[in-house]
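The next block holds one structure in the form of structure tokens; read it before the comments.
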Amino acid sequence: MFRKLLSLDEAKEVFKRNFLPKPVGVESVPLSEVGNRVLAEDIVAPLDIPPFTRSMVDGYAVRAVDTFHAEENEPATLEFCGYIAIGELPTVTVKNHTTAEIVTGAPLPKGADAVVMLEYAVRQDNTVLIHRPVSAGEKVMTAGSDIQKGETILEKGQISHSREIGTLAALGITEVVMYKRPKVAVISTGAEIVDLGEPLLPGKIYDINTFTLSAAIRECGGEPTSVGIIPDEMSQLKRALKKTLTMMDMVVTSGGVSVGPKDLIPQVLNTLGKPGIIISGIAVKPGKPTTVAVIDGKPVFSLPGNPTSALLMFYQLVRPQIRCMTGAYEKAPPIVKAVAEKRMFAEKGRRTFVMVKLTGDKNGQLIASPAALGLSGAITTLAKADGFVEISEDQQFIDAGDEASVCLFNPEINREGRKIGVSSSFTRNDPA
Ligand code: AMP
Ligand code: MG
């Protein structure tokens with residue numbers, strides 16, 4: 001039967017009409033476990049940071065006015081009035097023409113409004129010679145100057161990386177309301193696929209997709225669960241999918257979606273619930289047999305078995321949904337501009353993705369070289385590629401020397417790209 005394939009854009013539209021990705025709930029998470037998770041509430045500072053006015057240097061706390069006339073060779077002479085200990089309230093008050101020794105991070109004593117660095121002061125018994133003037137506020141961090149109590153310091157939808165975690169710790173926040181991670185099941189299919197750790201008998205290959213897809217799910221904020229390898233057999237596939245759907249928010253399968261006699265996934269998907277299959281093949285290369293179903297409100301993405309095709313279609317279709325379900329702000333994928341090293345051809349009428357590796361030429365220009373044209377099954381393609389170039393349905397090729405936008409698999413550029421100090425020669429639209 002001849003059926004017109006949906007274009008990638010049409011497929012995305014169809015999906016949108018059938019499934020609205022949204023967060024799957026919230027939970028309170030201890031600070032030690034919030035890394036890479038998404039805030040489900042705005043964080044309002046419960047206190048000032050710093051909580052008290054403190055010295056930024058080791059030196060002498062002074063009244064700035066007492067140092068105004070100080071010069072290198074004609075120092076101001078102040079009376080030593082004591083030490084300011086760190087970690088407690090000062091007992092000393094700095095009066096006219098007196099000074100107290102202070103360390104970095106200690107509270108500024110009453111009366112003082114600036115600190116002279118140790119390098120510009122000389123203590124002689126009970127006097128301190130100040131060789132440089134300071135202005136009021138110098139080398140002092142005022143209470144609330146970093147964060148003010150009541151200020152919204154982090155926003156709902158932000159991902160908590162180390163910097164955000166530092167802010168939460170500074171504020172003494174021990175529990176944070178985060179979005180739950182969407183639970184995504186990963187199923188590999190095929191009689192030839194064996195689990196790692198098993199002996200590799202003749203005709204068998206190790207399961208790659210469980211590992212690549214699980215890692216990709218984790219990278220975009222989902223919680224992957226490996227269901228394992230299911231043989232190409234109707235009742236086993238049906239049972240596995242049915243059970244998985246009850247426990248998970250989404251299912252990603254690989255293999256068994258082509259037109260071979262053992263490609264049973266489409267048949268199975270149409271027996272599990274409504275509406276069933278909504279996308280049955282997409283005009284892309286690689287990834288054409290990609291099949292998508294929605295079963296009683298839960299999406300099932302059935303990707304082709306070729307590891308490169310599976311991962312590429314994951315990036316195109318699955319990743320954006322998982323990201324929305326994590327509650328994170330929508331972020332544009334990381335894209336860099338490069339120059340095509342060779343002519344890259346498109347498959348007629350299909351949106352074509354060419355895996356490329358990035359290198360830098362001597363001028364710091366990024367060069368995109370096809371990792372392995374056309375070999376969608378070659379696993380080394382994945383290992384060599386930094387990202388992919390997209391060629392639209394109506395374009396024949398990207399010529400050697402043309403500008404090519406490369407969508408990166410990871411925001412960092414790998415290997416040679418990094419060695420050439422990429423920061424000056426590429427722009428990316430990833431705000432992080
Ligand atoms: P299929 O889509 O099931 O026809 O598989 C296409 C190709 O990908 C075949 O060569 C499979 O052996 C291979 N393949 C399928 N699933 C996996 C997997 N989980 N890991 C590695 N290769 C796979
Ligand atoms: Mg198969």
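Where a number appears in this text, it was derived from the coordinates with a stated rule and is not lab data. Since we're looking at a predicted model, the values are computed, not measured. Virtual Cβ from ideal backbone geometry, glycine too; neighbours counted across all protein chains shown.
Normalising by the residue count of segment 274-347, find the relative contact order in percent from Cα pairs under 8 Å and 6+ residues apart.
The value is 19 percent.
Among Lys4, Lys95, Lys180, what is the fewest-to-most ranking by other Cβ atoms within 10 Å?
The most exposed by this proxy come first: Lys4, Lys95, Lys180.
If contacts are Cα pairs under 8 angstrom and at least 6 residues apart, what is the relative contact order of the chain in percent? Walk me through the numbers before you get to the answer.
Values: 1009 pairs, mean separation 65.5, N = 432.
Relative contact order of the chain: 15 percent.
Please compare each pair in Lys4/Lys348; Lys12/Lys180; Lys238/Lys285 to a cut-off of 22 Å on the Cα-Cα distance and tell me which ones are over it.
Those over the limit are Lys12/Lys180; Lys238/Lys285.
Mind checking which lysines have their C-alpha under 18 Å from Lys204, skipping anything on the same chain fewer than 8 residues away?
Lys262
Run down the lysines and flag those whose C-alpha is under 24 Å from the C-alpha of Lys362, throwing out any fewer than 8 positions away in its chain.
Lys337, Lys342, Lys384, Lys419
At what distance in angstrom do the alpha carbon centres of segment 231-246 and segment 321-350 lie from each other?
Their Cα centres are 32 Å away from one another.
Considering lysine pairs in segment 67-168 that are 8 or more places apart or on different chains, how many have Cα atoms under 23 Å apart?
Lysine pairs satisfying the spacing and distance rule in segment 67-168 number 5.
Kindly work out what percent of the DSSP beta bridges joining two residues of the chain are antiparallel, to the nearest 5.
Bridges in the chain that DSSP calls antiparallel: roughly 70 percent.
With 10 angstrom as the radius, rank Tyr120, Tyr206 by how many other C-beta atoms surround their C-beta, starting from the fewest.
Tyr206, Tyr120
Please report, for the Cα atoms of the chain, the Rg to one decimal and the Dmax as a whole number; what are they, in angstrom?
Radius of gyration, then largest Cα-Cα span, for the chain: 30.6, 100 Å.
Just order 362-368, 266-272 by mean Cβ neighbour count inside 10 Å, highest at the front, would you?
266-272, 362-368
In segment 30-75, which GluC sites (Glu not before Pro) fall in coil by DSSP and have 15 or fewer other Cβ atoms within 10 Å? Could the numbers behind the result be given before it?
On the way: sites: Glu33, Glu41, Glu71, Glu72; in loops: Glu41, Glu71, Glu72.
Counting only loop positions with at most 15 other Cβ atoms within 10 Å, the GluC sites (Glu not before Pro) in segment 30-75 are Glu41, Glu71, Glu72.
Can you put Val284, Val65 in order of Cβ neighbours within 10 angstrom, beginning with the fewest? Please report the intermediate quantities before stating the final value.
Working: Val284 25, Val65 15.
Ranked by crowding around the Cβ, least crowded first: Val65, Val284.
Round to the nearest 10 and give me the degree value, 0 to 90, for the angle of helix 234-247's Cα axis relative to the longest principal axis of the chain.
The angle comes out near 30 degrees.
Take the chain, connect every pair of alpha-carbon atoms lying under 10 Å apart with a spring to form a Gaussian network, then pick out the residue of Thr290, Thr142, Thr212 with the largest mean-square fluctuation.
Fluctuation is largest for Thr142.
For Lys243, list the lysines whose Cα falls under 20 Å from its own Cα; do not include residues on the same chain fewer than 8 positions away.
Lys183, Lys274, Lys298
I want the local charge near Gly401. Using Cβ-Cβ distances under 14 Å, sum +1 for each Lys or Arg and -1 for each Asp or Glu among the other residues.
-2
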